[in-house]
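Note sheet for the following structure.
The values are calculated or read from the model by the stated rules, or taken from the named source; none is laboratory data. Just so we're clear, the structure is a prediction, and the values are computed from it rather than from any experiment. Positions of Cβ are generated from backbone atoms using ideal geometry, with glycine treated the same way; all protein chains shown enter the neighbour counts.
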Amino acid sequence: MSDSDTCEDVRVGVQGHAGRITLARPRAINALTHAMIRAISAALASWRDDDEIECVILDADGPRGFCAGGDIKAVSLSTLIDGGEGARALWWDEYRMNALLAEYPKPVVSLMNGITYGGGVGLGCHAGPRVVTQDTRLAMPETIIGLVPDVGGLYLLARAPGELGTHLALTGLPVGPADALLCGLADVHTPAGAFPDLASATSWKIVQDILATWTTTPEPGTLAADQEWIDRCYAGDDVGTIIERLQNDEHPNATATAKTLLSRSPTSLKITLRAIRQARTATLREVLVQDYRAMAHSLERDDVREGIRAQVVDKDRNPRWYPATVDEVDPAEVERAFTVAPGGDLTF
């Protein structure tokens, strides 16, 4: 690693035969900055062909969570000062990091305690083993702020049982450890007390021994019981029809979900539904190119600025979406999200 690849918010080191990357920005629940992404990518690249390194361990400082996602404030600032160039550069490097993790030739042990949202899913869920605790909460919450789930998250959610992934992509709601395991976002559940031993492991064998000792069954989640109405209501390719089915369903969780969707960006919902349908038959790299297109074009939409204002800046939690309903969304606006990104598509 060169000096330009180091970052005070990421600690990188070698312990025996294990490389260790620790997110060290707990004040922001380890939200990923561009500098952090570059440092993580450089460490992974330096160990990929190093025969002395058997595995990589990803962990994080602070009690609140593994990673709250990407640095949304930086994205918002980029739209104001450089026309989004900085945001596109961040996503370019982040999505390449996601692909690097997914294709990594060695085990990458992700210790995902607490909040693991958005970019945290991209960092922690493409390799494995992916370890969660009872306090883990995973989510792709982008529709809440007018964006579209990215970092390859739709590739993962598209492969969840039935329509569970569609439900999570559109609502942006978090899931606990049992539901993360059900949806294929995690591999192993342990008590949080196992994490210090896992984080300090010095070989892949030691990691395996710790997991064999500490693996437990989490408390039941909610998605298994809800899958029947989720599969029924989320079928098809029309957001308006999905919302109508949820509103008219007899299950109280379905009607509550309809209210949740009505609070999300209508444009984001339309783009997200098409994106997750396309992700079903796409490779991860193809999904990441799709993500880059959608995110790069999203910088031109007022909904994104309004969503960030409502959730991150003013925090009034009352976004005024335009258009306000899914029926008013211009099909051309949805189509544009899938066209070549400004400045060119993501390459690997």
Among the residues of the stretch 137-145, are any modelled with pLDDT under 95 and crowded, with 24+ Cβ neighbours inside 10 Å? yes
Residues that are part of a loop (DSSP other than H, G, I, E, B), among the charged types (D, E, K, R) and touching a Pro at 6+ places or on another chain (Cβ under 9 Å): does the stretch 11-29 have at least one? no
For residues that are among the hydroxyl-bearing types (S, T, Y) and either modelled with pLDDT under 95 or surrounded by fewer than 22 Cβ atoms within 10 Å (Cβ to Cβ) (or both), tally how many sit in the stretch 170-200. 2
Which of (1) part of a helix (DSSP H, G or I); (2) in contact with a Leu (Cβ under 9 Å, 6 or more places away or on another chain); (3) crowded, with 18+ Cβ neighbours inside 10 Å is the odd one out, the single condition R264 does not satisfy? (1)
Which residue is surrounded by the fewest Cβ atoms within 10 Å (Cβ to Cβ), if the candidates are limited to the stretch 48-87 and must be among the charged types (D, E, K, R) and modelled with pLDDT under 95? D82
Output the residue which, of all residues in the stretch 116-128 that are out of contact with any Phe, Trp or Tyr (no Cβ under 7 Å at 6 or more places or on another chain) and not in a loop (DSSP other than H, G, I, E, B), is surrounded by the fewest Cβ atoms within 10 Å (Cβ to Cβ). Y117
Name the residue that is nearest to E94 (Cα to Cα), counting only residues in the stretch 30-57 that are under 18 Å from the mean Cα position of the chain (by Cα) and in a loop (DSSP other than H, G, I, E, B). T33
Going through the stretch 157-175 in order, the residues found to be closer than 12 Å to A224 by Cα and of a type in the set (G, A, S) are A160, G162
Residues A332, A296: which one is free of Cβ contacts under 8 Å to residues at least 12 places away in the same chain and among the aliphatic types (A, V, I, L, M)? A332
Filter result (assigned to a loop (DSSP other than H, G, I, E, B) and within 23 Å of T190 (Cβ to Cβ)) within the stretch 134-145: Q134, D135, T136
In the stretch 309-327, anything within 15 Å of P266 (Cα to Cα), surrounded by 14 or more Cβ atoms within 10 Å (Cβ to Cβ) and aliphatic (A, V, I, L, M) is listed as V326
Out of I53, I21, report the one residue that is in contact with a helix residue (DSSP H, G or I) (Cβ under 6 Å, 6 or more places away or on another chain) and more than 21 Å from G122 (Cβ to Cβ). I53
Examine the stretch 281-304 for a residue that is in a helix (DSSP H, G or I) and in contact with a Lys or Arg (Cβ under 6 Å, 6 or more places away or on another chain), and state whether such a residue exists. yes
Across the stretch 82-114, the tally of residues that are among the basic types (K, R) and under 15 Å from the mean Cα position of the chain (by Cα) stands at 1
Filter pass, V131 being in contact (Cβ under 8 Å) with a residue 24 or more places away in the chain, under 17 Å from the mean Cα position of the chain (by Cα) and not in a helix (DSSP H, G or I): yes
Could you tell me whether the stretch 97-104 includes any residue that is free of Cβ contacts under 8 Å to residues at least 40 places away in the same chain, within 27 Å of L147 (Cα to Cα) and either in a helix (DSSP H, G or I) or not small (G, A, S) (or both)? yes
Restricting to the stretch 114-128, count the residues that are touching a strand residue (DSSP E or B) at 6+ places or on another chain (Cβ under 6 Å) and over 15 Å from G70 (Cα atoms). 2
